[in-house]
Amino acid sequence: MKKSLEIIRSKKAFIIDMDGVLYHGNRLLKGASEFVNWLVKEEKKFLFLTNSSERSPLELSQKLARLGIAVGADHFYTSALATASFVASQIPGGSAYVIGEPGLINALYDAGFTMNNVNPDYVVVGEGRGYSLEALDRAVSLVMGGARLIGTNPDLNGPAEQGIVPACGALVSPIELATGTKAYFVGKPNPLMMRHALKKLEAETQDTIIIGDRMDTDIVAGMESEIETVLVMSGVTRPEDIATFAYRPRHTLEGVFEIPV
């Protein structure tokens with residue numbers, strides 16, 4: 001454990017998941033504030049990288065501020081931003097039918113996309129309260145008509161104050177099943193997301209570490225990008241789950257509260 005903490009603390013750049021690492025819903029997790037203060041004090045480069053597409057970086061910054069952690073919006077990168085960047089690189093000035101929240105819709109607008117529920121280039125699905133049978137019917141019809149299906153992230157569920165809730169992967173699944181089409185997921189563990197993060201941090205892989213609570217996104221993303229990995233037990237993955245995966249995290253901690261010295 002001591003050696004692991006020495007390696008973690010020695011890294012120059014930190015990619016940090018949010019849900020299950022810093023908070024559950026609107027409840028701050030143990031040591032989250034102290035950990036962020038340590039990052040600032042030690043002059044580490046750090047980026048909060050979330051598969052959630054609901055909020056913009058500014059909204060995430062404001063959420064952390066309400067929980068008592070002051071961090072600028074430039075320290076956040078979301079699957080919504082990665083998704084918008086991807087589709088804009090594929091079809092500049094394209095259009096999309098979106099099932100999701102303002103964080104995703106605004107990211108697409110900012111990337112030059114327009115909203116279209118008749119003949120869009122893409123059907124883009126993220127998390128959100130606007131998911132309904134009517135939206136599902138429309139999405140299926142558009143995909144059957146030729147629209148490409150995109151999911152902001154493959155997470156099937158995520159942690160919340162009340163427990164585990166469905167996430168993007170679970171919401172996309174009915175569309176995949178009904179259309180016989182496989183969605184393309186842009187968020188973690190897609191290497192695209194990790195490359196965006198490293199570029200934003202201006203960091204090299206050997207100087208960087210990723211901290212997350214999910215074996216199937218955070219840890220595999222780090223492993224496939226050759227970035228040191230830390231799994232925290234404060235979110236989705238339980239200790240007994242680790243053995244069910246073919247790969248292992250480099251380090252395992254109870255939570256980020258263990259990192260500051």
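Summary table
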{"read-out": "Förster radius 22 Å - calculated FRET efficiency between residue 202 and residue 73, Cβ distance, rounded to 0.05", "value": "0.80"}
{"read-out": "Solvent-accessible area per residue, Å², over the chain with all protein chains present [probe radius 1.4 Å]", "value": "45 Å²"}
{"read-out": "Added length on full extension, which subtracts the Cα-Cα distance from 0.36 nm per residue, residue 170 to residue 132", "value": "12.3 nm"}
{"read-out": "Accessible surface of the range 1-105, 1.4 Å probe, proportion on carbon and sulfur as whole %", "value": "51 percent"}
{"read-out": "Förster-model FRET efficiency, 41 Å R0, residue 1 and residue 184, C-beta, rounded to 0.05", "value": "0.55"}
{"read-out": "Excluding exposed DSSP-loop chymotrypsin sites (Phe, Trp or Tyr not before Pro) (at most 14 other C-beta within 10 Å), longest clean stretch of the chain", "value": "1-244"}
{"read-out": "Average Cα contact separation per residue, the range 27-169, under 8 Å, 6 or more apart, as relative contact order %", "value": "20 percent"}
{"read-out": "Cα-based radius of gyration of the range 105-261 once divided by 2.2 N^0.38 Å, which approximates compact folds", "value": "1.18"}
{"read-out": "Carbon plus sulfur fraction of accessible area for the range 122-250, probe 1.4 Å, in percent", "value": "52 percent"}
{"read-out": "Cut-off of 10 Å, at most 16 other beta carbons, DSSP loop: longest stretch of the chain lacking such GluC sites (Glu not before Pro)", "value": "44-160"}
{"read-out": "Efficiency of FRET from Cβ geometry, residue 91 and residue 41, R₀ 41 Å, rounded to 0.05", "value": "0.40"}
{"read-out": "Amide H contacts of residue 23 (H built 1.01 Å from N, under 5 Å, at least 5 apart or other chain)", "value": "29"}
{"read-out": "Positive-pole candidate from 20, 71, 7, dipole of the range 1-109, charges at beta carbon", "value": "7"}
{"read-out": "Residue list for the range 63-84, given a label point 7 angstrom along the Cα-to-Cβ vector of residue 28 and an amide N cut-off under 14 Å", "value": "63-71"}
{"read-out": "Helix-derived mean residue ellipticity, 222 nm - over the chain, DSSP H n ≥ 4, -39500 (n - 2.57), to 500", "value": "-10000 deg cm²/dmol"}
{"read-out": "Built amide H within the under 5 Å cut-off of residue 228, gap 5+", "value": "208, 210"}
{"read-out": "Linear extension gain, residue 115 paired with residue 242, 0.36 nm per residue minus alpha-carbon span", "value": "41.6 nm"}
{"read-out": "Cα-based equivalent ellipsoid of the range 1-153: semi-axis lengths in Å, sorted from largest, via gyration tensor", "value": "35, 16, 13"}
{"read-out": "Across 41/188; 11/45; 30/200, pairs whose alpha-carbon gap is larger than 19 Å", "value": "41/188; 30/200"}
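The values are calculated or read from the model by the stated rules, or taken from the named source; none is laboratory data. Here the structure is a predicted model, which is why all the values come from computation and not from measurement. When we count neighbours, we look across all protein chains shown, and the Cβ atoms used for this are built from the backbone with ideal geometry, even at glycine. Please note that ligands, DNA and RNA were not included when accessible areas were found on the heavy atoms of the full protein model with its side chains. Shrake-Rupley method; radii C 1.70, N 1.55, O 1.52, S 1.80 Å.
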